[in-house]
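Worksheet: the structure to be examined is printed underneath.
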């Protein structure tokens with residue numbers, strides 16, 4: 001009888017262990033946006049990170065929020081990101097300024113959204129447009145000042161946008177949570193790396 005009870009207990013423990021491992025694996029798979037954000041962070045910091053690149057990434061991220069709000073689809077964030085990355089590459093190849101391209105695209109999406117009429121949450125679009133304008137001003141300023149101040153401004157823009165990502169993850173508005181989670185990991189990573197770079201450069 002004791003032997004049977006022992007076998008039953010062992011089977012119960014094994015089953016619970018398998019369920020625990022399965023649950024952990026499911027949890028990890030659910031965090032794929034964070035993994036993609038880490039990969040993007042590594043790709044952008046592998047050869048060293050500068051304020052100009054970070055500032056441009058922040059403009060791009062803010063532009064994706066505007067575009068998703070203008071299109072009225074939270075799921076469009078990833079598609080917009082893919083299309084904008086292609087546009088930036090094409091701009092670089094053809095000699096166009098990548099930053100100017102992002103600014104024009106962001107403004108274009110905002111105008112498109114306001115002209116669409118029904119089907120667009122104008123308050124949300126207005127919020128995203130203001131966010132895009134604000135982050136773009138900080139990012140552009142970082143591209144024009146001395147190197148040390150540029151690092152701090154770009155880091156501030158990046159960490160500020162990480163807060164923006166977190167707020168939208170909680171609100172579940174404008175973009176999908178997978179996109180805001182991805183952006184949060186990338187943005188906070190860029191900000192921290194820039195600050196560490198600046199502090200290590202201090203005498």
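The values are calculated or read from the model by the stated rules, or taken from the named source; none is laboratory data. Only a predicted model underlies this, so the values are computations on that prediction, with no experimental measurement involved. Note that we place each Cβ from the backbone using ideal geometry, even for glycine, and neighbour counts take in every protein chain shown.
Across the range 90-97, not a single residue is classified as assigned to a helix (DSSP H, G or I) and touching a residue at least 12 places away in the same chain (Cβ under 8 Å). All of 156, 150 fail the test of being part of a helix (DSSP H, G or I), in the same structural domain as residue 38 (by TED's automatic domain parsing) and out of contact with any helix residue (DSSP H, G or I) (no Cβ under 6 Å at 6 or more places or on another chain), apart from 156.
Within this structure, residue 194 fails the test of being more than 16 Å from residue 64 (Cα to Cα), under 12 Å from the mean Cα position of the chain (by Cα) and assigned by TED's automatic domain parsing to the domain that holds residue 72.
A single entry from 47, 37 fulfils the requirement of being part of a helix (DSSP H, G or I) and either modelled with pLDDT of 90 or more or at negative phi (or both): 37.
Being farther than 20 Å from residue 69 by Cα and surrounded by 23 or more Cβ atoms within 10 Å (Cβ to Cβ) is the filter here; which residues of the range 163-186 pass it? 186, the sole residue that qualifies. Could you check the range 116-162 and list, in sequence order, the residues that are free of Cβ contacts under 8 Å to residues at least 60 places away in the same chain, more than 20 Å from the chain's Cα centre (by Cα) and buried (at least 17 other Cβ atoms within 10 Å of the Cβ)? If the condition is that a residue be free of Cβ contacts under 8 Å to residues at least 60 places away in the same chain, more than 20 Å from the chain's Cα centre (by Cα) and buried (at least 17 other Cβ atoms within 10 Å of the Cβ), then 120 is the only one that fits.
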